Amino acid sequence: MGARVTVNGQVLASSYDGEQITALAGLTFGWGRESVYDETDPGVLRFRVIDRLGTWSTEVDRIGQPVTVERTGPDVVVFRGTISAAAPKRTTVRNPRTGAREDVWVVEVRAASTVADLAMAVFTGPSSANTVEGLGGWTEVSPAARIEDLVAAGALSIVASIESPAEIPITPQVRPRLRAIDAKKAATALELIEGVYRARPLGFVDYDPATNAITLGRISVASNVVLTYSGGRTTIVLPTGRVIPARSVAAPNGYQAETSVADAIDVVEHDYTWYGKDPALSPGSQKRTTYLSRIATILTRRATGRTRRVYKLDANLIELDPTEFQAGSVDATNRGIAWLHNEVVAIVNSLNNQIRLPVLRLDDRRLPLGDASLTAIAYTPAAQTLPLYFAGSVFNTLQNAGPQYQIIGGTLAYDNGWTHDVNLSPVRTTPREPLSIAAVFGSTSASTWASYDDSIRLSDLDTITQGL
């Protein structure tokens, strides 16, 4: 797979011929998150350009020009953004046309991603001058309506689309409502989207440069791990995920896994807003309703009382005093806080005590994955909701180490070939009893030892949830 850099509509040459403006190898782009409890890092692209005469880097309007990076073969956009800095440095290189050494300008270029553009963009909200939040603020609405208001304000001038949260498919009905945001806070587009997505269980902002679309990021749910025999081969299959042979993945910083206090949460604390009659006034003297900040807490399964490590959930949700409204009309809204809190606690219980894998490196030049669809997934700088299983991994022998993970961030790089250093998070799982040997191998399968795929190790058989 190759690379193509385009700046302001101009495709830069990929190799220096002694004259052309050229994008050199050494392109890197950090993206995503290090932990499922982090917000999305907007990310910055870095690359170098040979500017022989110094005219390219000194263009008056260079800052702010659009940049795209494509992974070629097949072509797909892996970065969109705008130039934020260009720093030319005088350097001596060999001119391949003449063979002589000559002085040129090598420009260190930084480009802010489209997510960074959202983090700087402040739009005018729909609130009028006579509202509590003030002219240009953001009214108290449902999460879906907040996205609609942001789109109406002009956010699609930056991205092609922003996913709106769907209705929550449970009974009795749950309809969370978001607190209003004052105009004076000058909330950015990214902050508004983050607030909407936090109203879903550990939801986060996910951006795919290929489609230029913002979607609601979700925690992956573990798939069955199925041992299957077909066509004379015994393999491991994930019906709702993908299997990557561990021998096709490098560990650039060594086989150093980790579990820390960040993976040992005792309490989930939910900050929310209550709206109703002022509790400081007696019933006979009520003259107003007011907003009050409130906190609810739930202990996780691992809480022992020796520590009190807290995950703060601030989804900007509101609870309404039912006596101020028609009977039953706000019940669905008020269920939203407890529903979200309980869902987040269930996820935290699943992730607590899980071992984090080290950063893993995918290297298309040295360790190609072979499968085109798997390669497309692995080299996309966007969070993947499908779970991944690394067949033959040394970590599969450890308790509380996955064995399924999702990509949540990383560093995509090109230097005469693509690499992707990925940050992984364990997926959401439910406790299970390991299968017996009889259940793993079955009694009627035609599978033989010789049929086993050579990526499978004995430790993999202990992760099987559905045997032959």
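General remarks:
- Residue in segment 127-145 that is within 20 Å of Trp274 (Cβ to Cβ), without any contact (Cβ under 8 Å) to a residue 40 or more places away in the chain and aliphatic (A, V, I, L, M) present: yes
- Flag not set for Arg62, criterion: assigned to a strand (DSSP E or B), surrounded by fewer than 20 Cβ atoms within 10 Å (Cβ to Cβ), of a type in the set (Lys, Arg) and outside the structural domain of Ser425 (by TED's automatic domain parsing).
- Counting only strands (runs of 3 or more DSSP E) that fall entirely inside segment 163-265 and contain at least 1 residues that are assigned by TED's automatic domain parsing to the domain that holds Arg361 and either at positive phi or surrounded by fewer than 16 Cβ atoms within 10 Å (Cβ to Cβ) (or both), the qualifying elements are 226-230, 233-237.
- In the condition set (1) assigned by TED's automatic domain parsing to the domain that holds Asp271; (2) polar (S, T, N, Q); (3) at pLDDT below 90, Asn342 is compliant with all but (3).
- Across segment 409-468, the number of residues qualifying as within 29 Å of the chain's Cα centre (by Cα) and either within 29 Å of Leu367 (Cβ to Cβ) or among the aliphatic types (A, V, I, L, M) (or both) comes to 26.
- Members of segment 8-47 that are aliphatic (A, V, I, L, M) and buried (at least 21 other Cβ atoms within 10 Å of the Cβ): Ala23, Leu27, Val36, Leu45
- The lone exception for Tyr405 - which of (1) assigned to a loop (DSSP other than H, G, I, E, B); (2) more than 30 Å from Arg110 (Cα to Cα) it fails: (1)
- Scanning segment 410-430 for residues that are closer than 29 Å to Asn353 by Cα, of a type in the set (Gly, Ala, Ser) and either modelled with pLDDT under 95 or not assigned by TED's automatic domain parsing to the domain that holds Leu374 (or both) turns up just one, Ser425.
- Looking only at segment 421-439, residues that are within 30 Å of Pro252 (Cβ to Cβ) and among the charged types (D, E, K, R) come to 2 in all.
The values are calculated or read from the model by the stated rules, or taken from the named source; none is laboratory data. Because the structure is a prediction, the values reported are computed rather than measured. Every residue, glycine as well, gets a Cβ built from its backbone with ideal geometry; the counts of neighbours run over all protein chains shown.
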